[in-house]
Structures are given as C-alpha cells and as structure tokens.
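The values are calculated or read from the model by the stated rules, or taken from the named source; none is laboratory data. Keep in mind that this is a model prediction, so the values were computed, not measured. Heads up, the Cβs are rebuilt from the backbone with ideal geometry, glycines too, and the neighbour counts pull from every protein chain shown. We work out accessible area using only protein heavy atoms, side chains counted, and drop any ligands, DNA or RNA first. Shrake-Rupley method; radii C 1.70, N 1.55, O 1.52, S 1.80 Å.
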Amino acid sequence: MTADAGRLRRLLNRVLSDDPLVRATAIQSAIFAFGTGTFITGEAVYSIKIIGLTVAEAGLGLTIGMASQFLVSIPFGRLADRIGARTCWGIGNALQAVAFLGWLFAHGFWPFIAVVVGREVTAQLGQIGWSTYRLAAFPRETRVLSGAYNRAALNVGFTVGALFGGIALATGSLTVIRFIPILTAAILLVSAAMIRRLPGAATQPSNSQPAEARPSVAAPSAPRGRPAIRNAGFVVTSFFDGLLSSHQTLLLTVIPLWLVADTNAPRVLLAWLFATNTIGAVLFQVPVSRTVKDLTTAMRAEARAAAFMVASCLIILVTDHTVIWLTIPLIWLAHVTVTGSELFESSASWSLQSELSDQSRLGDYQGVASVANTLGIIWTPALYTFLATTLHATGWLIIAAIVVTAAAGIRPSARMARQYLAEGRDAPKPVPAAAE
C-alpha cells in the first residue's frame, strides 16, 4: 500500500466505520443530509420568490414550525417505544418526503405555514426514531461512537447538498429552483427505503441496566418502568446539556453578527470560518468520541466543552478594538475553540442519553431529552446577541458565566438521574395475582 493510499484509508475511517451497522446508518445519514441540505440552501429564495412571502412572514413561519416540533417530542418518544424505533424513523423520513412535495402547492402565508409545520413535525418523528434506534440497536460501548460517525456523515452530506443547492440558485432559473423540493423528496424516499433494510435487532446487554429491561426494536411493546418526565435529574441534565450546546448559537448567530457589526474583519472570512467548523467535525468528531466511555468521562467532556466555550468568549471579546491583521486570526481561533466545544459536548450528550435512560423506555427518554434540550438553548440566540452586541466585553463575560454555571450544574443533576434509575431497579416488583 502506498503512502497516499494509506492516508486516504485513514481519512475514510474517520467517516466510515468497520462496523457494518454503524457504516450503514452513517451512509443513510449522509444521503438524508444531502437531500435536506440541498433544500435548506435555497429555502429562503423559494419562500420569497416562488411562494411570495415577505422576509418577516418567512421568519415567523419557521418559528411556528420549530414550536410544533417542541409540542410533539414527548408523544413521539412514547410512540417509538410502542411501534418500534426503526418504524418511527422510517415513517418520519417517508412522511417528510411527502411534506417537501407540499411546497410545490404552497402559495401564500397559510399554505406555507401548513407545509413548514408538516415538515418539522415529520422531521421530529424521524429524529426521535433515529436517536432511539441508536440506543436500542447498538451495544453500550459503541453508542457514542455510532453517534460520532453519524455526525461526521451528516456534515459531509450537508456540505455536498449545500453545493448542489448553491448551483441551483446560481442558475437564476425559478424552474430549476422549483425542482429542488422534488429532488429532496426523492432522496428522502431513498433514505426511508434504506432504513427499512436495517436490522431490527434487540438492543445489546448494558452494564448499567438489567438484561431483562432491554427493549426490542423488532418486537416493540408497551414500555415498562416510570415515565421519563418524572426523572427530574434527567430533565435538568438535558436542560444543562442543551445550554452547553449553545456553541451552535455562537457558531451560527453571534460570531457572524459580531464579525459584521463590531469588527473590521472582511465579510468573506465567514465562509472560511464555516469551512473550518465543517472540516473539524468531519475529521475529529470520531477521535474525540473515543475519549467518552461512561458517565465519568462524559462529565469530563462536558467540562472541556465549557472550557472551550469560555476560551472562545475571552478571545473574541478582544477583537472589538484590534487592528485587522490581528482581528482575523483571533476570530478564526475563537471559531476553532467553538468547534472544540461542539466536538466534546456532542460526544458527552450521546453518552448521557445512553447512561441515564431507562432501557425499557428509550423513546420516552429521547422525547423528554429533546424538549429539555430545546428549553436549554431556545432563548440563547436572543440573549447572547443582545449581550454581545450591546454590552460588548461585559456581555461576552456574562455568556462565559452562563456556560460555567451549566457545566457546574450538570454534575449533580446527572448523579440525581442515575440515582433515580437505581431506585427504580431496586424497587420491589409487583407480585402476579396468580402467585398471591
């Protein structure tokens, strides 16, 4: 094997695993991301030029769509426990394809609301199904790694999809742009077919859960155990984890706005920043995930994620008054540290879901985690933007303090969640009537 071939193989191993099931789910994720990434790139143009919306109407519709996801998360989680995670995942992808076709018939505000809500609700059904399947189908020791390969594949798919969407927009043809939802729907139907071919095997034994509590993806039944919403420690842990995932707020909203409004850096730097993040996620998500093996290492990863975010805040607050030749490398370094936070927080989040979920109610726990995570991050774009652009250096210090608070609070809440599960396993089991 030549040196070049060896480097290529090592690069592919960062995206494709040797495990057949991990590889199959990663390929499916890349195809899914390619389809949705193609549409998202041209969504704003489609909404304004073809549907005929104003910018304010388009923004309001997307907000309503995200709110609809919030409302259905817990019911969809419980549905996944009853009909099976793989079934939920596949149906979600298929129905999302139908929802994308609805864009062809949307003209005006209210039809736009209908298709956006349909897309977001079906996307949430698929997401809950996937996250539950990952916990149910993979053994405990590979759950985090499977999430990492999935994240790397998603980044590849979204990048290629964005390129295709950009090419469609570059043509300037409304006919070509109208074809984008059809392409996306076709790709999602392929994705649903691929999900159908995945094995519906029962979850593997877990060191933290009794073997008899294992759910079955192939033969789902009514879940046992106590509802996830009663596990206050898990709810609070998921909230703090959502707050620590506000690295996405810095990445997508606050740093770009800061660069444009408060620095002398060229606007084209934004493209290089996003490219840095994408490449970092593809190359380093899997290696970072290998450092997270249990609850202890997950807590360590959350602390590292918080440290990277604090470092980013401290670096970027300096750029308010720096000269351009210093501003550019400092903002780039701040973006690198945000990417580091993303890598460690994502790995920790997958581990927390694995270690702190009742194995007989995996879907229920995924639904509750989705709601609590959303509550942890949904308010950060408005607050962080206000703090950074209004209070400047003081605002960045407040953001750093919020992150430190979340990192400190997640440790006792995780211990509380684990204790709740332990109490449930140790509780006396009901005696059958025949035995009485």
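Residues to consider are GLY157, GLY77, GLY118; find the one that is over 21 Å from THR374 (Cα atoms) and part of a helix (DSSP H, G or I).
GLY157
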Is there any pair with a first residue in segment 342-369 that is touching a residue at least 40 places away in the same chain (Cβ under 8 Å) and a second that is open to solvent by less than 10 Å² (accessible area, probe 1.4 Å) and among the acidic types (Asp, Glu) whose Cβ atoms are under 7 Å apart and which are 6 or more apart or on different chains, and what are they? GLU345/GLU302; ALA348/GLU302; SER349/ASP241; LEU352/ASP241
Could you check how many residues of segment 367-397 are open to solvent by 10 Å² or more (accessible area, probe 1.4 Å) and either farther than 25 Å from THR63 by Cβ or among the polar types (S, T, N, Q) (or both)? 11
Out of curiosity, is ILE40 in a helix (DSSP H, G or I), closer than 19 Å to LEU198 by Cβ and either modelled with pLDDT under 90 or open to solvent by 60 Å² or more (accessible area, probe 1.4 Å) (or both)? no
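Which one of these is farther than 27 Å from LEU71 by Cα and open to solvent by 10 Å² or more (accessible area, probe 1.4 Å): VAL98, VAL156, VAL115? Full working, then the answer.
Numbers: VAL98 fails: farther than 27 Å from LEU71 by Cα; VAL115 fails: farther than 27 Å from LEU71 by Cα.
Checking each option against the conditions leaves just VAL156.
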Conditions first: (1) under 30 Å from ALA298 (Cα atoms); (2) within 21 Å of the chain's Cα centre (by Cα). MET194 passes all but one, so which condition is the exception? (1)
If the requirement is being open to solvent by 40 Å² or more (accessible area, probe 1.4 Å) and acidic (Asp, Glu), which of these qualifies: ASP320, ASP294, ASP262? ASP294
